[in-house]
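Here's the structure, in structure tokens; my notes come after.
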Amino acid sequence: GTAQIGVTGLAVMGRNLARNFARHGYTVAVHNRTAARTRALVDEFGDEGSFVPAETPQEFVAALERPRRLLVMVKAGAPTDEVIDEFAPLLDEGDIVIDGGNAHFADTRRREAALRERGIHFVGTGVSGGEEGALHGPSIMPGGSAEAYRAVGPMLETISAHVDGPDGAPCCTHIGADGAGHFVKMVHNGIEYADMQLIGEAYDLLRGVAGLEPGRIAEIFRRWNSGRLDSYLIEITADILTHTDAATGRPFVDIVADRAEQKGTGRWTVQTALDLGVPVPGIAEAVFARSLSGHTDLRAAARPLPGPAASALGGRDADGFAEQVEHALYASKIVSYAQGWNMIQAGADAYGWEIDLGAVASIWRGGCIIRAAFLDRIRGAYSADPALPSLLADPQFAKEIGDAQPSWRTVVIAAARHGVPAPGFSAALAYYDALRAERLPAALTQAQRDYFGAHTYRRTDREGVFHTRWSEDRSEAEV
Ligand code: NBP
């Protein structure tokens, strides 16, 4: 075979990744269960580079140079297992299967172990950036062994997004063994949910509290986008808010049904966080907010409930308020990224991955949905202190969040006073205050547990584990 890489699964993502490889000068074998897609790719884009179309798995495998590199881009879940089962018998020791689908990291761990038994490398790889990213440069998060990465890493780095131009830093790095790449991709998506929720709350507050129209809010977002909030999501938000619905002439945002859907990676993040015991309330609130929006029955039932009249601030001091919202958004963003990075560390601890936390920030600077100037700051924080326990402990972030917190509180108060839901802003503030608290009411919780269940407690003044005989004479026993 002569192809350096093969792509099987030629829907939007696979097709565009195959084209991206070809445009970078690689010979690409292409295959799809339904051969019409393979032919369509070569017919439409064959002149972009060197493609070797294959109709059958046998032809596809034969087209690849050794060790073979196969990128699987099929629908995540059972189809991935079916494709692996179909191809594995055709492969030899040392061949490398890359799964670029949105697999759950636990599935990736299982698949990697099974293929390793047969001497085949399995590189579960997170790919972010959607259809456009796949073609022009995504952010790529490969897991699997270091040996496998040596064989596929350079090609993946070549087709990834690059920060600061084509000769700049690639948005691809080896994340860690087995499922580490898909784990980190999952957390990326969780952070993306949180970012989107916080932006939604900022918009809602500017509208519901300051009484601003979408066009005016777009200008504010555009201004924010030239500052520390500079990011893809802020940029597209401004663009969406200027869009007018052609059919009605109304702001587009007003004619979209207010029910946010989800494909499940945010939910996976929160489920996994619960299993790992790592607090990620910012991500959880974002997942729950989407879920709540879809409960039309609950919402209809609650609609008659009383609340404050909307828009009490009116146009007065809208700019001052917008400034405060910017602080709240930025502070809440720091908190949700801090939670995301804690979760990556927790995953690394639980599964024995050596993840370079700064490198994760580095490869999210381009290509992916959460790409932002901010990520370079996170990279910098971890390069200054690789053992940073929390982003909130970084001196620069600590200073910024400290400076932001008075405005942040004002905004959360305004949200409550005006009846605008801001679960992301308030949960982030509660997390911030809980972490900084000298004493938490967890003391009372633990006392309650000891009261009703003899679950014991520790004391602040001396070592040991204690129980109070609540239903007897209330004497204390050391246990
Ligand atoms: P889809 O997720 O829609 O999958 C369609 C592809 O899967 C087609 O090539 C289809 O072949 C193939 N396929 C299916 Br379905 N069942 C199969 C089976 N049993 N055996 C062999 N092939 C099978 O495509 P996509 O949107 O391009 O996404 C591909 C992967 O990339 C997914 O895992 C997705 O989660 C992930 N991803 C998507 C995005 C995005 O923005 N869309 C971003 C990042 C990652 P057929 O043509 O014969 O039906």
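The values are calculated or read from the model by the stated rules, or taken from the named source; none is laboratory data. Note that the structure is predicted; figures quoted are calculated from it, not measured. When we count neighbours, we look across all protein chains shown, and the Cβ atoms used for this are built from the backbone with ideal geometry, even at glycine. These accessible areas exclude ligands, DNA and RNA; they are computed on the full protein's heavy atoms, side chains included. Shrake-Rupley method; radii C 1.70, N 1.55, O 1.52, S 1.80 Å.
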Hey, Gly181 within 15 Å of the ligand (Cβ to nearest atom), of a type outside the set (S, T, N, Q) and modelled with pLDDT under 95 or not: no
Selected residue [of a type in the set (D, E, K, R), surrounded by fewer than 16 Cβ atoms within 10 Å (Cβ to Cβ) and touching a strand residue (DSSP E or B) at 6+ places or on another chain (Cβ under 7 Å)] from Glu82, Glu65, Glu59: Glu65
Candidates Gly144, Gly153, Gly119, Gly137 - the one that is within 16 Å of the ligand (Cβ to nearest atom) and either at pLDDT 95 or above or in contact with a strand residue (DSSP E or B) (Cβ under 7 Å, 6 or more places away or on another chain) (or both): Gly137
Selection status of Trp224, open to solvent by less than 80 Å² (accessible area, probe 1.4 Å), within 16 Å of the ligand (Cβ to nearest atom) and either touching a residue at least 12 places away in the same chain (Cβ under 8 Å) or within 16 Å of Ser336 (Cα to Cα) (or both): no
Subset of the range 67-87 (residues that are more than 8 Å from the ligand (Cβ to nearest atom) and closer than 18 Å to Ile5 by Cβ): Pro67, Arg68, Arg69, Leu70, Leu71, Val72, Ile84, Phe87
Any hit, the range 7-19, residues being surrounded by 14 or more Cβ atoms within 10 Å (Cβ to Cβ), more than 11 Å from the ligand (Cβ to nearest atom), of a type outside the set (S, T, N, Q) and in contact (Cβ under 8 Å) with a residue 60 or more places away in the chain: yes
Of all residues in the range 122-134 being out of contact with any Lys or Arg (no Cβ under 7 Å at 6 or more places or on another chain) and either among the hydrophobic types (A, V, I, L, M, F, W, C) or open to solvent by 40 Å² or more (accessible area, probe 1.4 Å) (or both), the one that is farthest from the ligand (Cβ to nearest atom): Val123
Leading residue by the ranking (farthest from the chain's Cα centre (by Cα)) among those in the range 285-299 that are of a type in the set (S, T, N, Q) and under 21 Å from Ala427 (Cα atoms): Ser293
Members of the range 20-39 that are without any contact (Cβ under 8 Å) to a residue 12 or more places away in the chain and either more than 32 Å from the chain's Cα centre (by Cα) or away from the ligand (no atom under 15 Å from the Cβ) (or both): Ala36
Unique match (being open to solvent by 10 Å² or more (accessible area, probe 1.4 Å) and more than 30 Å from Leu90 (Cα to Cα)) among Gly119, Gly168: Gly168
Neighbours by Cβ (under 8 Å, 6+ apart or cross-chain): first from the range 101-116, in contact (Cβ under 8 Å) with a residue 24 or more places away in the chain and open to solvent by 60 Å² or more (accessible area, probe 1.4 Å); second away from the ligand (no atom under 16 Å from the Cβ) and of a type outside the set (S, T, N, Q): Arg109/Asp178; Arg109/Tyr351
Every pair of residues 6+ apart whose Cβ atoms lie under 6 Å, when the first sits in the range 411-432 and is farther than 14 Å from Ile401 by Cβ while the second is among the acidic types (Asp, Glu): Val420/Asp204; Ala422/Glu201; Pro423/Glu285; Gly424/Glu201; Gly424/Glu285; Ala427/Glu285
Filter result for Ile369 (under 16 Å from Val278 (Cβ atoms), open to solvent by 10 Å² or more (accessible area, probe 1.4 Å) and not charged (D, E, K, R)): no
Subset tally (residues that are open to solvent by 60 Å² or more (accessible area, probe 1.4 Å) and within 18 Å of Ser332 (Cα to Cα)) for the range 431-466: 2
Within the range 68-169, helices (runs of 4 or more DSSP H) holding 1 or more residues that are closer than 22 Å to Asp376 by Cα and under 18 Å from the mean Cα position of the chain (by Cα): 130-136
Within the range 122-134, tally of residues that are touching a strand residue (DSSP E or B) at 6+ places or on another chain (Cβ under 7 Å), of a type outside the set (Gly, Ala, Ser) and over 20 Å from Leu91 (Cα atoms): 1
